[in-house]
1. Can you tell me which residue within segment 166-192, out of those that are exposed (fewer than 14 other Cβ atoms within 10 Å of the Cβ) and in contact with a helix residue (DSSP H, G or I) (Cβ under 8 Å, 6 or more places away or on another chain), is farthest from Ser270 (Cα to Cα)?
2. What about Ala150, is it closer than 24 Å to Pro74 by Cα, over 17 Å from the mean Cα position of the chain (by Cα) and either in a helix (DSSP H, G or I) or of a type in the set (Asp, Glu) (or both)?
3. Hand me the list of helices (runs of 4 or more DSSP H) wholly inside segment 173-247 holding 1 or more residues that are free of Cβ contacts under 8 Å to residues at least 12 places away in the same chain and assigned by TED's automatic domain parsing to the domain that holds Ala267.
4. Can you tell me which residues in segment 36-51 are within 27 Å of the chain's Cα centre (by Cα) and either surrounded by 17 or more Cβ atoms within 10 Å (Cβ to Cβ) or more than 13 Å from Leu327 (Cα to Cα) (or both)?
5. Specify the residue that is farthest from Leu203 (Cα to Cα); the eligible residues are those in segment 125-147 that are assigned to a helix (DSSP H, G or I) and touching a residue at least 40 places away in the same chain (Cβ under 8 Å).
6. Would you point out the residue of segment 89-109, among those that are outside any helix (DSSP H, G or I) and either of a type in the set (Gly, Ala, Ser) or at positive phi (or both), that is surrounded by the most Cβ atoms within 10 Å (Cβ to Cβ)?
7. When segment 120-146 is examined, which residues are found to be surrounded by 12 or more Cβ atoms within 10 Å (Cβ to Cβ) and touching a Gly at 6+ places or on another chain (Cβ under 8 Å)?
8. Does His76 count as at pLDDT 95 or above, under 24 Å from Pro218 (Cα atoms) and not β-branched (Val, Ile, Thr)?
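The values are calculated or read from the model by the stated rules, or taken from the named source; none is laboratory data. For clarity, every value in this text was computed on a predicted model and none was experimentally measured. Here the Cβ positions follow ideal geometry from the backbone for every residue, glycine too, while neighbour counts run over all protein chains shown.
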Amino acid sequence: VDVRMTQPLQALSSQPAISIRSSSGPLTLLPATSTLPRLLIWQRPMLSLTDSLESLRQLLRNGYVIVSEYDDDPGHWPAIAENRHLCFTGLHAVQVSTQPLAERIQPFNPELAVFANAIEALPAPRPAESEPELQRRPLRLFFGALNRQADWTPWIGPLNEVLRADPDRWQVEVVHDRAFFEALAIPGRTFTPTCDYPTYRRLMGSCDIAWLPLADTPFNRCKSDLKALEAAAHGLAILASPTVYAATFKAGLNGQVFTTADQLRQALTSWRADPMAMGELGQRARSWVGDNRMLHHQVAAREAWYRSLWDRREQLTRLLLERVPELQG
């Protein structure tokens, strides 16, 4: 919610004549007689033909342009298809985080915009460390994810080989995933249960390397590169699977892709031997994020699209009612 809703809307509200109201529950709607342009951005709506039509009718009667904010593969939830993709067809427009996700959703609603995930503000730079200082302390590897056991299981063997070969030179910071924590073969490991976003970012920022394994599945291909951006913003060196992340590396973000156990072992052992090179990689990645993937870079595009939706609201409403005629009246 912070990254897809709270932070982008706060950035947007810095523009003149734009105000934001947010709620995780019912909202007091503006009356239909109001001339104030109004959009309702609904995050991951799970709508049903039996329970949601009247809520949508009320929003339409009150003159709202309704936008679905969606950032996961809709094929993962059978209820979406069972309800004729109402969470896309029954709204004026959809905004998503990636182009592959846009291609999955566009057949159900062609009024669609891609706003890539971005960083609100760069954290303070990492303190400078000399080569002897880096060689004296363990390198800290970060892993923080939910429901990723299928992604990391194929790689836990070679990862543990590297850690066991030099256990005093490694520490691992794990957030969310207890099974991954238990599978690690060194004592230098720390576990934090599911936590709030600031805590997650603080723990990530205390590390040197972000490990981002991601299996090549239809669900994962719709994911965004947010974890790499967060890690890069903190100056971490990124070691990632090619799924999702290779495209961002190709666009300019500095990082290391692995596709084999040997590549995984080689990347980690080379960074352990030359931590200055690892740190320089992280700093280049941080600079790239600052130049290319900050929220303020997309404020103008968001505002222009939202204003365009309002200007075209009558046409978009006609198209919406053609898709879902049950919403008429």
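1. Here the answer is Ala179.
2. Working: closer than 24 Å to Pro74 by Cα: yes; over 17 Å from the mean Cα position of the chain (by Cα): yes; either in a helix (DSSP H, G or I) or of a type in the set (Asp, Glu) (or both): yes.
Yes, satisfied.
3. It comes to 178-183, 197-205.
4. Quick first cut of segment 36-51, residues within 27 Å of the chain's Cα centre (by Cα) only: 38-48.
Matches in segment 36-51: Arg38, Leu39, Leu40, Ile41, Trp42, Gln43, Arg44, Pro45, Met46, Leu47.
5. Quick first cut of segment 125-147, residues assigned to a helix (DSSP H, G or I) only: 131-136.
Pick out the ones that are also touching a residue at least 40 places away in the same chain (Cβ under 8 Å) and you get 131, 134-135.
On the way: Glu131: 23, Leu134: 19, Gln135: 21 Å.
Here the answer is Glu131.
6. So the first thing to find is which residues in segment 89-109 are outside any helix (DSSP H, G or I), and the list is 90-98, 106-109.
Cutting the leftovers down to either of a type in the set (Gly, Ala, Ser) or at positive phi (or both) gives us 90, 93, 97.
Values: Gly90: 29, Ala93: 23, Ser97: 23.
The selected residue is Gly90.
7. Leu122, Pro123, Arg126, Glu129, Leu134, Pro138 - these are the residues of segment 120-146 that are surrounded by 12 or more Cβ atoms within 10 Å (Cβ to Cβ) and touching a Gly at 6+ places or on another chain (Cβ under 8 Å).
8. Working: at pLDDT 95 or above: no; under 24 Å from Pro218 (Cα atoms): yes; not β-branched (Val, Ile, Thr): yes.
Against the criterion (at pLDDT 95 or above, under 24 Å from Pro218 (Cα atoms) and not β-branched (Val, Ile, Thr)), His76 does not qualify.
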